[in-house]
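Novice: To start, I am sharing the structure in question, which I have written as structure tokens.
The values are calculated or read from the model by the stated rules, or taken from the named source; none is laboratory data. These numbers come from a predicted model, not from an experiment. Reconstructed Cβ throughout: ideal geometry from the backbone, glycine too, with neighbour counts over all protein chains shown.
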Amino acid sequence: MLARSRFNLAECRDCVTQFLDPEPSLEESHALYGPSYYKSWNMSNGETDAVRAIKHDTFNRCIRFLQTFVQQGTILDVGTATGFFMESATAAGFDAYGVERSEYAARIAAGKFGVDHIHIGTLESAPFKPSMFDAVVMTDLLEHVSDPLSTLRRAHALLKPRGAVLITTPNVHSLSRTVMGYRWTHYKAEHLFYFCPKSMAVLAGRAGFRIGLLKPLTKTVSIEYLRSQLSVYGNFLLTPAVHAFKFLPKFFSQQPMRLKMGEMLVILLK
């Protein structure tokens, strides 16, 4: 059973995808994504410049990898939250749209980009036309959906020929997962599925994609951001370590640093 939850972890014998058993109920799922969900982002009182800076640094690097395959055009950010990736994509010259299931976060994103560019709901319920997008982005998203294959097939239908999907997701074959075992920080109730390079390749093929790039993801964080994360998702080892820095001046605790945190960056090609 996973720490901090009532859920067991199961694994498919064929593709080695791991998944929660049972999945959270609909009521539990809705409760997870309210305003309190963003407490772990250090955004209890709304967006901050410090959080925006570290998110942009991560997303700007993701976009540079994506532009190896898709230089410009229309881009759809699935699970856009309050729109930080859309901000980076717009700055890089893309026409950015977003999908977000949290009404709280979607309203913030719509305030930035307009209600015609933000769909509140899931990718499957979004009214976008087939072959509308040059790229679809799912950062920290695929592990949250109840049917990853359906989600990727929907993305495939929305992409133009030669389009690409950018994914970031936890990697169960990462060093941090090996060291932490079932206390891995990515094991949490809102993460329904967990992938590794093998299971991602199987999933991609079933959805009609081939893998163009798969590499460890380097994320930009700060001590303040990590402290917020580990206050919500406690870890027997890391939470005390990070809280030992709580008396650091804000200037130091908000300094960005780039770390590999057990995730992978994947680009799928249509």
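Novice: Does Ala201 satisfy the condition of being in a helix (DSSP H, G or I), closer than 25 Å to Arg13 by Cβ and hydrophobic (A, V, I, L, M, F, W, C)? Can you show your working first?
Specialist: On the way: in a helix (DSSP H, G or I): yes; closer than 25 Å to Arg13 by Cβ: yes; hydrophobic (A, V, I, L, M, F, W, C): yes.
Considered against the rule, which asks whether it is in a helix (DSSP H, G or I), closer than 25 Å to Arg13 by Cβ and hydrophobic (A, V, I, L, M, F, W, C), Ala201 comes out as yes.
Novice: Could you list, in sequence order, all residues of segment 66-79 that are closer than 18 Å to Val266 by Cβ and surrounded by 17 or more Cβ atoms within 10 Å (Cβ to Cβ)? Write out each step before concluding.
Specialist: First pass over segment 66-79, keeping only residues closer than 18 Å to Val266 by Cβ: 66-70, 75-79.
Residues satisfying the conditions are Leu66, Phe69, Val70, Ile75, Leu76, Asp77, Val78, Gly79.
Novice: Looking at segment 117-140 only, could you name the residues that are in a loop (DSSP other than H, G, I, E, B) and surrounded by fewer than 22 Cβ atoms within 10 Å (Cβ to Cβ)?
Specialist: First, the residues of segment 117-140 that are in a loop (DSSP other than H, G, I, E, B): 121-132, 140.
Within segment 117-140, Gly121, Thr122, Glu124, Ser125, Ala126, Pro127, Phe128, Lys129, Pro130, Ser131, Met132, Asp140 qualify.
Novice: Test of understanding: among Tyr187, Tyr182, which residue is closer than 27 Å to Ser25 by Cβ, in contact (Cβ under 8 Å) with a residue 60 or more places away in the chain and surrounded by fewer than 16 Cβ atoms within 10 Å (Cβ to Cβ)?
Specialist: On the way: Tyr187 fails: surrounded by fewer than 16 Cβ atoms within 10 Å (Cβ to Cβ).
One residue alone meets the criteria, Tyr182.
Novice: Can you confirm whether segment 210-231 contains a residue that is assigned to a loop (DSSP other than H, G, I, E, B), among the small types (Gly, Ala, Ser), over 20 Å from His144 (Cβ atoms) and at pLDDT 95 or above?
Specialist: Of segment 210-231, the ones assigned to a loop (DSSP other than H, G, I, E, B) are 222.
If we keep only those that are among the small types (Gly, Ala, Ser) too, we end up with 222.
From what's left, over 20 Å from His144 (Cβ atoms): 222.
Among the residues that remain, those that are also at pLDDT 95 or above are: none.
No, the conditions are met nowhere in segment 210-231.
Novice: So is Ser5 closer than 30 Å to Ser88 by Cα, in a loop (DSSP other than H, G, I, E, B), over 17 Å from the mean Cα position of the chain (by Cα) and at pLDDT below 65 or not? Full working, then the answer.
Specialist: On the way: closer than 30 Å to Ser88 by Cα: no; in a loop (DSSP other than H, G, I, E, B): yes; over 17 Å from the mean Cα position of the chain (by Cα): yes; at pLDDT below 65: yes.
It is false that Ser5 is closer than 30 Å to Ser88 by Cα, in a loop (DSSP other than H, G, I, E, B), over 17 Å from the mean Cα position of the chain (by Cα) and at pLDDT below 65.
Novice: Only residues that are outside any helix (DSSP H, G or I), surrounded by fewer than 19 Cβ atoms within 10 Å (Cβ to Cβ) and among the small types (Gly, Ala, Ser): list them for segment 85-114, please. Walk me through how you get there before you give the answer.
Specialist: First, the residues of segment 85-114 that are outside any helix (DSSP H, G or I): 92-102, 114.
Next, from what is left, pick out any that are surrounded by fewer than 19 Cβ atoms within 10 Å (Cβ to Cβ): 92-93, 95, 114.
Answer for segment 85-114, where residues must be outside any helix (DSSP H, G or I), surrounded by fewer than 19 Cβ atoms within 10 Å (Cβ to Cβ) and among the small types (Gly, Ala, Ser): Ala92, Gly93, Gly114.
Novice: In addition: For segment 199-212, which residues satisfy the criterion of being more than 19 Å from the chain's Cα centre (by Cα) and either surrounded by 21 or more Cβ atoms within 10 Å (Cβ to Cβ) or more than 23 Å from Gly163 (Cβ to Cβ) (or both)?
Specialist: Phe209
Novice: Would you confirm, using the coordinates I've provided, whether Thr82 is in contact with an Asp or Glu (Cβ under 7 Å, 6 or more places away or on another chain), at pLDDT 85 or above and either in a loop (DSSP other than H, G, I, E, B) or surrounded by fewer than 20 Cβ atoms within 10 Å (Cβ to Cβ) (or both)?
Specialist: Numbers: in contact with an Asp or Glu (Cβ under 7 Å, 6 or more places away or on another chain): yes; at pLDDT 85 or above: yes; either in a loop (DSSP other than H, G, I, E, B) or surrounded by fewer than 20 Cβ atoms within 10 Å (Cβ to Cβ) (or both): yes.
For Thr82, the condition - in contact with an Asp or Glu (Cβ under 7 Å, 6 or more places away or on another chain), at pLDDT 85 or above and either in a loop (DSSP other than H, G, I, E, B) or surrounded by fewer than 20 Cβ atoms within 10 Å (Cβ to Cβ) (or both) - is met.
Novice: In addition: Do you know which of the residues in segment 150-163 that are out of contact with any Ser or Thr (no Cβ under 9 Å at 6 or more places or on another chain) and of a type in the set (A, V, I, L, M) is farthest from Leu265 (Cα to Cα)?
Specialist: Ala155
Novice: With the condition kept exactly as written, say whether any residue in segment 24-39 is surrounded by fewer than 19 Cβ atoms within 10 Å (Cβ to Cβ), farther than 13 Å from Val137 by Cβ, among the acidic types (Asp, Glu) and modelled with pLDDT under 95.
Specialist: Within segment 24-39 (the criterion being surrounded by fewer than 19 Cβ atoms within 10 Å (Cβ to Cβ), farther than 13 Å from Val137 by Cβ, among the acidic types (Asp, Glu) and modelled with pLDDT under 95), the answer is yes, since at least one residue qualifies.
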